[in-house]
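Q: What follows is a single structure, and I will ask about it in a moment.
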């Protein structure tokens, strides 16, 4: 805000002088037919418009430097929540190592009470190309770069859904690598954690769909905890049905959408890396039914 | 205005042969020429063609983004469009058009007969031109023209590891790499030529401190080229080694470094902004004094500020990398360096205002473009200061705010002064005046289009819209702003139409210009329009920075005041 005020003031001052000069010294019909007085420069005047900007820059720099160090060197409280963020083409993996939770695209964090802060520290890396984690209402962006771990923290103070998306061009579907951050009260967050820590639903009613899932290539890329499916290339599906969206926030998680998605992901998100599975109708219906039970 | 012959003996009065040469002879003449003026014109013509192509790519992108969830082009095609738009505008429009004017004007302004190395000049032009053609060759094949062929889709800064073989199979990235490599070779050749010309080819009396400011600005620009373009060219070779010879410089899957590429690219990439903007300042430095009817205010300070910009521009590159996580130390350093560059830039703006002040301002079309440039450059500089504060940048980097900011510089400052340069020097180049009425249409339409597009583009950036997305969701509130931004494009397209029509029409039947239509003061106006192959029948001698002022005002020459 301070920076904005200073730049606005400079604009008004310099722009005003410029406009005045243009109007005052424009060519008029009444001008005498000779050249105006030639002025070649003035050391005093030029010195003044060197020194004053230098002073402005010093002030701006010092305020900025203070913010940089306050943000980047902030010490981490013991009550902080740790999340490992892994960027993939074109989705987000979130792992909560201390809680034993793995999820995708929808990050749940507790809201932070100023008297008892519970910020979330994000330890970020990439599985493939560069990405950038950006939820504008929560924090500035931090790049997610392969072979490098970047750390940032977020600290939402009121509950709600915060939207964001990948902010570093990462390939064909960069535009639909969306991010959803759910700020939850401590109680709601604890309930969510308890639910995510449950093993995957093994209900016998959906045994047919489960067997379709397990005998197809699905298991090469996806994990469902408690089954042989342990792939890491795509999102963890253990609690898929508890999420609001699929395809990295691009599509509502409804049975109908899920069915279309499994049938041909490329039609809903062209260029995404999940192949069309070419299942017959019966298998498609069964596997969709199974996935909707994974609360 | 003035129709006398300013320098005695400067114009050859023997009449030229009248027979019209055959088309093939003309073509052969252009292809084999080593004349700096013809090469300059070829640079400008080639850049104009690419300006139209890359402009149409921008039009396609703005149509796609006008409304959310649009499906005019596929994601892949959109990615190709923005990659080609950026690459073309920087390497095959900006640099060639500026080098074109430089090639044409520098020997004339210095009172020389040609560049120092005419053959190197031709070589540099053709190698850079082949670079551009190679890049566009990628449109043939692959998915055909509608699918943009196998055009590169890695973005104009082509961050690793997206360019690695595994993420970018096929040859699209190779077209990009080789196109840039060739353009880099040509750029370095021309820069070498210009620097040598400035050092070695000045006419008697043309001391360094008497050179027109435009020549000084090209001198500094070319020095930056030496430092900045080398790393880019080296990085292209390293990338090719990665892709074809099993190297791992940028191959993160094998332990390479993505950040290394960013450093290489931006060590080139930020000085590149100054490579483009300094010649544009040079145009303003010539045009503003002539149409204020006053000498430039503070010539030594203008030179010193340029040298300072040249040095500082080499130490600001990592402000493109504030979000990479380089740590508070590096972020603070690059914040400071970036803010400091505002000081010499500010000196320039204040000196221009001081030049206008007390003058008698003639609002010709060239001058109108320069005035718009002053306002827009002021805004661009101030949003630049905002972005230099790295906490601001963490929020806005990679968003449409940044896109708006750099288009304010590239279009609002550089393209506007390039248009000014066309209106100012076209009479010298063609012998005929550009039409001022059409020029005013061009100016006002382009001004309205520019502000509709790029003023409003800041807003979705602040609202969280990242760049390089082919579509966006309904619920983000970006739709209305994008629609306004896209609507500005219509005005810009019509304006460019007026401009191109004006160029063609005036070339055929514009008013005859004469040697010195603007009553100007530098040496290029002392010879015929267009100048003969040898420029000056006798090499002129100068006593001050404004040799033609001295001739026109023998009672009060500049040489009395300059130190």
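Q: Taking only region B:157-188 into account, find how many residues are part of a helix (DSSP H, G or I) and at the interface with chain A (Cβ under 10 Å from one of its Cβ atoms).
A: Adding up the residues that qualify gives 0.
Q: Let me spell it out: the conditions are (1) more than 27 Å from residue A:146 (Cα to Cα); (2) in the same structural domain as residue A:119 (by TED's automatic domain parsing); (3) surrounded by fewer than 23 Cβ atoms within 10 Å (Cβ to Cβ), and residue A:226 meets all of them except one. Which number is the exception?
A: (2)
Q: Next up: Restricting the search to region B:73-90, which residues are in a helix (DSSP H, G or I) and over 17 Å from the mean Cα position of the chain (by Cα)?
A: Correct list: B:75, B:76, B:77, B:78, B:79, B:80, B:81, B:82, B:83.
Residues checked against (1) away from chain A (no Cβ under 14 Å); (2) free of Cβ contacts under 8 Å to residues at least 60 places away in the same chain:
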| residue | (1), (2) |
| --- | --- |
| B:380 | no, yes |
| B:387 | no, no |
| B:392 | no, yes |
| B:396 | no, no |
| B:407 | yes, yes |
| B:413 | yes, no |
| B:431 | yes, no |
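Q: Restricted to region A:147-171, and to residues that are in contact with a helix residue (DSSP H, G or I) (Cβ under 9 Å, 6 or more places away or on another chain) and on the phi > 0 side of the Ramachandran plot, which residue is nearest to the other protein chains (Cβ to nearest Cβ)?
A: Result: A:147.
Q: Same structure again: What's the total number of residues in region A:181-207 that are under 30 Å from residue A:283 (Cβ atoms) and surrounded by 15 or more Cβ atoms within 10 Å (Cβ to Cβ)?
A: Adding up the residues that qualify gives 4.
Q: On to the next question. Are any of the residues in region B:418-426 more than 14 Å from chain A (Cβ to nearest Cβ), more than 28 Å from residue B:340 (Cβ to Cβ) and in contact with a strand residue (DSSP E or B) (Cβ under 9 Å, 6 or more places away or on another chain)?
A: yes
Q: How many residues are in contact with a strand residue (DSSP E or B) (Cβ under 7 Å, 6 or more places away or on another chain), crowded, with 18+ Cβ neighbours inside 10 Å and at the interface with another protein chain (Cβ under 10 Å from one of its Cβ atoms) if we restrict to region A:93-146?
A: Result for region A:93-146: 16.
Q: Tell me, please, whether a residue that is within 9 Å of chain A (Cβ to nearest Cβ) and within 22 Å of the chain's Cα centre (by Cα) can be found in region B:320-342.
A: Yes, that holds for at least one residue.
Q: Name the helices (runs of 4 or more DSSP H) wholly inside region A:140-255 in which the number of residues that are under 30 Å from residue A:114 (Cα atoms) is 2 or more.
A: So the answer is A:186-197.
Q: Taking residue B:309 as the residue in question, decide whether it is more than 10 Å from chain A (Cβ to nearest Cβ) and in a helix (DSSP H, G or I).
A: Here the answer is yes, as residue B:309 does meet what is asked.
Q: Taking residue B:362 and the conditions (1) under 21 Å from residue B:308 (Cα atoms); (2) facing chain A (nearest Cβ under 8 Å); (3) touching a residue at least 12 places away in the same chain (Cβ under 8 Å), which numbered condition does it fall short on, given that it satisfies the others?
A: (1)
Q: State yes or no: is residue A:84 more than 7 Å from chain B (Cβ to nearest Cβ) and either surrounded by fewer than 14 Cβ atoms within 10 Å (Cβ to Cβ) or within 30 Å of residue B:322 (Cβ to Cβ) (or both)?
A: Criteria met by residue A:84.
Q: Name the one entry in B:401, B:375, B:416 that is within 23 Å of residue B:92 (Cα to Cα) and in contact with a helix residue (DSSP H, G or I) (Cβ under 8 Å, 6 or more places away or on another chain).
A: B:416
Q: If you don't mind, another one. Would a scan of region B:233-240 turn up a residue that is more than 14 Å from chain A (Cβ to nearest Cβ), surrounded by 24 or more Cβ atoms within 10 Å (Cβ to Cβ) and either assigned to a helix (DSSP H, G or I) or in contact with a strand residue (DSSP E or B) (Cβ under 6 Å, 6 or more places away or on another chain) (or both)?
A: Yes, there is a match, as at least one residue in region B:233-240 is more than 14 Å from chain A (Cβ to nearest Cβ), surrounded by 24 or more Cβ atoms within 10 Å (Cβ to Cβ) and either assigned to a helix (DSSP H, G or I) or in contact with a strand residue (DSSP E or B) (Cβ under 6 Å, 6 or more places away or on another chain) (or both).
Q: Kindly establish whether residue A:49 is more than 13 Å from chain B (Cβ to nearest Cβ) and surrounded by 17 or more Cβ atoms within 10 Å (Cβ to Cβ).
A: no
Q: Another question about this same structure. For region A:13-32, give me the residue count where each residue is more than 10 Å from every other protein chain (Cβ to nearest Cβ) and loosely packed, with under 10 Cβ neighbours inside 10 Å.
A: The total comes to 2.
Q: Just to be sure, is residue A:79 loosely packed, with under 11 Cβ neighbours inside 10 Å and either away from every other protein chain (no Cβ under 12 Å) or closer than 30 Å to residue B:393 by Cβ (or both)?
A: Taking the combined requirement at face value, the residue does not satisfy it.
Q: Select, from B:56, B:48, the only residue that is out of contact with any strand residue (DSSP E or B) (no Cβ under 9 Å at 6 or more places or on another chain), assigned to a helix (DSSP H, G or I) and surrounded by 18 or more Cβ atoms within 10 Å (Cβ to Cβ).
A: B:48
Q: In region B:368-378, how many are closer than 20 Å to residue B:295 by Cβ, at the interface with chain A (Cβ under 10 Å from one of its Cβ atoms) and touching a residue at least 12 places away in the same chain (Cβ under 8 Å)?
A: Of the residues in region B:368-378, 1 are closer than 20 Å to residue B:295 by Cβ, at the interface with chain A (Cβ under 10 Å from one of its Cβ atoms) and touching a residue at least 12 places away in the same chain (Cβ under 8 Å).
Let's see how each residue does on (1) free of Cβ contacts under 8 Å to residues at least 24 places away in the same chain; (2) within 14 Å of chain B (Cβ to nearest Cβ); (3) touching a strand residue (DSSP E or B) at 6+ places or on another chain (Cβ under 6 Å):
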site: A:173; (1), (2), (3): no, yes, no
site: A:179; (1), (2), (3): no, yes, yes
site: A:199; (1), (2), (3): no, no, no
site: A:253; (1), (2), (3): yes, no, yes
site: A:256; (1), (2), (3): yes, no, no
site: A:271; (1), (2), (3): no, yes, no
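Q: Here's another thing I want to ask about it. Restricting attention to region B:313-325, which residues are touching a residue at least 12 places away in the same chain (Cβ under 8 Å) and surrounded by 19 or more Cβ atoms within 10 Å (Cβ to Cβ)?
A: Within region B:313-325, B:313, B:316, B:317, B:318, B:319, B:320, B:321, B:322, B:323, B:324 qualify.
Q: Could you count how many residues in region B:435-467 are under 24 Å from residue A:133 (Cβ atoms), surrounded by 21 or more Cβ atoms within 10 Å (Cβ to Cβ) and more than 23 Å from the chain's Cα centre (by Cα)?
A: 5
The values are calculated or read from the model by the stated rules, or taken from the named source; none is laboratory data. Just so we're clear, the structure is a prediction, and the values are computed from it rather than from any experiment. Positions of Cβ are backbone-derived with ideal geometry, glycine not excepted, and every protein chain shown enters the neighbour counts.
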